[in-house]
Amino acid sequence: MRIFVLGVGATGSLLVQLLKRQGHRISCGDRDPERARRFLGEASAIPVRQVNARNIEGIVTAAQGTQLLINACPAVFNKIILRAAVRLRAHYLDMAAHLTENPFQAEQLRFATDFQNLRRTAVITAGVAPGLTNLLIAASADLLDSVETVQVRLYEATESDRPVSQWSAEVAFDEAVSQPRLYRRGHFTLGQRFGGREIFRFPAPIGPVGVVLAAQDEVVTVPRVIPLRSMDAKIGGADIDQLRRWYRQGTLRKSRGLVPSQFPRTPTPGTVHQLLHRGILHNARFAAVVIVTGLKRGRPTLIRWDATMPSLHLLRRRKLLCSPIAWATAEMAALFVKHFPRTQSGVHPPEAFPAEIRRAILRDAKSRGIQLVKRITVLTPQG
């Protein structure tokens, strides 16, 4: 396909290179082409056009003739870039929702009729979390006769002597100030920011970690596709602990709030190399766990998926100087493109894909280095 990638940061730059290897014709744009080239590397021959994601006319002009428009920008730009895709009569893919106007419905779904009329497909929240996590939930639902509860548990930690972000400043800021969404007894509701703390055991070598409620997109898309009773998402690790401390100190409150510009910028590969060489950055890890309970042949059953990404140390050995989250998000987005459901017009999150496509993406995810472990436990009925 002819693909235009808008946003060439930590994730977008990796995605561009993965899609190039798949044989697609790639062009890309970013508001800061010079910085984008630092992410791509000096050896890259892929041209970067200067494109402002706030300017729909600029996007349409730069992406003229593209068959798939990929939004690798912060989710705040989703609606503008979706309108550009409609203008271009192109397929569309993004990796997150913004959920500002309606906290319980992904804003991308409002464009369903536009894409259906064009006979085009928009794939939304197609990264790792959301994205891979949605696929694991759907894979669990396939094995059960009915679903009762879904839990998503995430671990993000950067081991460094000074703040180093695994995400862009905009994404980190949104994560810090957004109120968690919950699905309880068939209804959406809002949870307490940084509330619901519990100790959760992640796969080795991470182990038990305190986790708190998180504003994850899966919670607002999955219940619309898979019938279930309750769902929540929680996150733990050093990165979220720092945000939690700032919140308790009042630093994140609107009256005294931080702004995105005060968050550390995502380091380029060259900066990561320098931080590692100087002993400032030590390691980074990311893991996701999905737990689904329900009934199978009338028996209560629990299905747990552990998804472990290569650590920063392992990525460095592969000559990749990026965070585990950026790597995993780019890898998964590339697989969603490889298995893009072109004939499924409309706007769809990953859990709405046909089962054969979902299974193919999970098989490929394993082959790309994401460790997936599934455990099924038949529970003893209480009482």
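Just a few scattered comments:
- Placing unit charges on the Cβ atoms of the charged side chains and taking the dipole of the chain about its Cα centre, the candidate lying farthest along the positive direction among T66, L315, L275 is L315.
- Cleavage-rule hits, GluC sites (Glu not before Pro), region 80-159, DSSP coil, Cβ neighbours within 10 Å at most 16: E101
- Check: region 2-94 dipole with +1 on Lys, Arg Cβ and -1 on Asp, Glu Cβ, in debye: 200 debye
- Ellipticity estimate at 222 nm from DSSP helix runs (n ≥ 4, -39,500 (n - 2.57)) divided over the chain, nearest 500: -10000 deg cm²/dmol
- Residues whose amide H comes within less than 5 Å of that of C28, counting only those at least five positions distant or on another chain, are V5, R49 (H built at 1.01 Å from N in the peptide plane).
- Our summary gives region 62-214 a relative contact order of 15 percent, counting only alpha carbon pairs under 8 angstrom and 6 or more residues apart.
- With a simple spin-label model that places each label point 7 Å from the Cα along the Cα-to-Cβ direction, the separation between R38 and R162 comes to 1.4 nm.
- Matching label, Rg and Dmax of the Cα atoms in Å computed from the structure shown, candidates (i) 20.0, 66; (ii) 20.6, 61; (iii) 26.3, 85: (i)
- T149-N117 pseudo-label distance in nm [points 7 Å out on the Cα-to-Cβ vector]: 4.4 nm
- Taking 20 Å as the cut-off, the amide N atoms of region 180-213 that come nearer than this to a point 7 Å along the Cα-to-beta-carbon line of Q105 belong to 180-191.
- Ordered by the number of other Cβ atoms lying within 10 Å of each residue's own Cβ, fewest first, C73, C322 fall into the sequence C322, C73.
- Entry note, region 2-94: relative contact order of 31 percent, from Cα contacts under 8 Å with a spacing of 6+ residues.
- Modelled spin labels at E57 and Y247, positioned 7 Å past Cα toward Cβ, are 4.2 nm from each other.
- Relative contact order (%) - criterion: Cα under 8 Å, at least six apart; region: the chain: 21 percent
- Estimated at 0.36 nm per residue, the fully extended path between A355 and R25 surpasses their Cα-Cα distance by 116.0 nm.
- Rounded FRET efficiency, nearest 0.05, which uses the C-beta distance separating H277 from R297 and R0 of 35 Å: 0.05
- Residues W305, W327 arranged by fewest to most Cβ contacts within 10 Å: W305, W327
- Those trypsin sites (Lys or Arg not before Pro) in region 266-318 that DSSP places in a loop and that have at most 15 other beta carbons within 10 Å: R278, R297, R318
- Pairs of Lys residues in the chain that lie 8 or more places apart, or on two chains, and have C-alpha atoms under 20 angstrom apart add up to 7.
- Rounded to the nearest 20 debye, dipole of the chain from Cβ charges on Lys, Arg, Asp, Glu: 320 debye
Read the figures in this text as sums done on the coordinates, not as results from a lab. On a predicted model such as this, the values are computed, not experimentally measured, just so you know. Cβ: placed from backbone, ideal geometry, glycine included. Neighbour counts: every protein chain shown.
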